[in-house]
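The values are calculated or read from the model by the stated rules, or taken from the named source; none is laboratory data. Note that the coordinates shown come from a computational prediction; the quantities given were computed from them, not determined experimentally. Cβ atoms come from the backbone with ideal geometry, glycine included; neighbour counts cover every protein chain shown.
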Amino acid sequence: MRGLTLATAAMMMLTVPVLAQAPPTAQNIIPDAISYATQGKIQALDPGAGTLTIAPENQPPIQMTVAPNVSLGDLEQGDVASVHYTRTVTFTIGNAPATATGNTTVAQAALNPAQIATATTPTVIIGRVVKINGPSSIDVVNNNGGGVYTIKTTQPSRIAAIAKLKVGDSITVNVSPIVATSVAKCGLFGMGLFGC
């Protein structure tokens, strides 16, 4: 009787359907292109490396690289400054060879999108579309294979771009670091007195 029970249990296990897990989902993982200005205290400054960190009042510090034409010569750590900064983001749809890779994988981007938004070096992600889920969602893998990730967006311009995709397309995303395009010491002796 016991043998029959084990055999019956084994048969039942074979007939139970296995449910596939849905791919991990990430939403709005690629930061927007930006052009902003802020005012705050220079927290860190390295003219040789062309980097600075500014701490706007009541906001987290922002690390950035400095455009080559911007002089940091009259600034010191602790000065109050006004900084204009940008970040560029480009999407290229094409048919990248399977050997092409970026410096960030689809998995890294999906699991830790903050690393892209705060990177101090350019980020390049190359993925391949494996499924169109609807007007605002696609499934992608690294260009050279790997796990599938569902990427969703709520941004109208990116929803319009998804409408142009087809299975098999490669998507190359280039995200620049935040770049200071102008830096000016504020007020009297960089203390922020009397405005910027």
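Residues satisfying the criterion are absent from the stretch 143-151 (criterion: closer than 22 Å to V66 by Cβ and within 15 Å of the chain's Cα centre (by Cα)). In summary, S71 fulfils each of the numbered conditions (1) at pLDDT below 85; (2) assigned to a loop (DSSP other than H, G, I, E, B); (3) of a type in the set (S, T, Y) with the single exception of condition (1). Any chance the stretch 156-176 includes a residue that's assigned to a strand (DSSP E or B), exposed (fewer than 15 other Cβ atoms within 10 Å of the Cβ), modelled with pLDDT under 95 and on the phi > 0 side of the Ramachandran plot? No. Scanning the stretch 90-131 for residues that are under 24 Å from L52 (Cβ atoms), of a type outside the set (V, I, T) and not in a loop (DSSP other than H, G, I, E, B) yields A114, Q115, A117. Residues that are surrounded by 14 or more Cβ atoms within 10 Å (Cβ to Cβ), in contact (Cβ under 8 Å) with a residue 40 or more places away in the chain and over 14 Å from V175 (Cβ atoms) within the stretch 111-136 comprise R128, V129, listed in sequence order.
Return yes when A100 is crowded, with 17+ Cβ neighbours inside 10 Å, small (G, A, S) and touching a residue at least 40 places away in the same chain (Cβ under 8 Å) and no when it is not. It is false that A100 is crowded, with 17+ Cβ neighbours inside 10 Å, small (G, A, S) and touching a residue at least 40 places away in the same chain (Cβ under 8 Å).
Hey, can you tell me all the residues within the stretch 117-131 that are under 18 Å from A26 (Cβ atoms) and at pLDDT below 90? Working first, answer last.
Within the stretch 117-131, the first condition is being under 18 Å from A26 (Cβ atoms), and the residues that meet it are 117-119, 123-131.
Scanning the stretch 117-131 gives A117, T118, A119.
Any idea which of A184, A180, A160 is without any contact (Cβ under 8 Å) to a residue 24 or more places away in the chain, farther than 21 Å from N112 by Cα and over 17 Å from the mean Cα position of the chain (by Cα)? Explain how you work it out, then say what you get.
Working: A184 fails: without any contact (Cβ under 8 Å) to a residue 24 or more places away in the chain; A180 fails: without any contact (Cβ under 8 Å) to a residue 24 or more places away in the chain.
Result of the check over A184, A180, A160: A160.
Within the stretch 79-87, can one find any residue that is at pLDDT below 95, among the aromatic types (F, W, Y) and out of contact with any Pro (no Cβ under 7 Å at 6 or more places or on another chain)? Among the residues of the stretch 79-87, not one is at pLDDT below 95, among the aromatic types (F, W, Y) and out of contact with any Pro (no Cβ under 7 Å at 6 or more places or on another chain), which makes the answer no. Residues of the stretch 39-54 being surrounded by fewer than 16 Cβ atoms within 10 Å (Cβ to Cβ) and part of a strand (DSSP E or B), which ones? Scanning the stretch 39-54 gives Q43, A44, D46.
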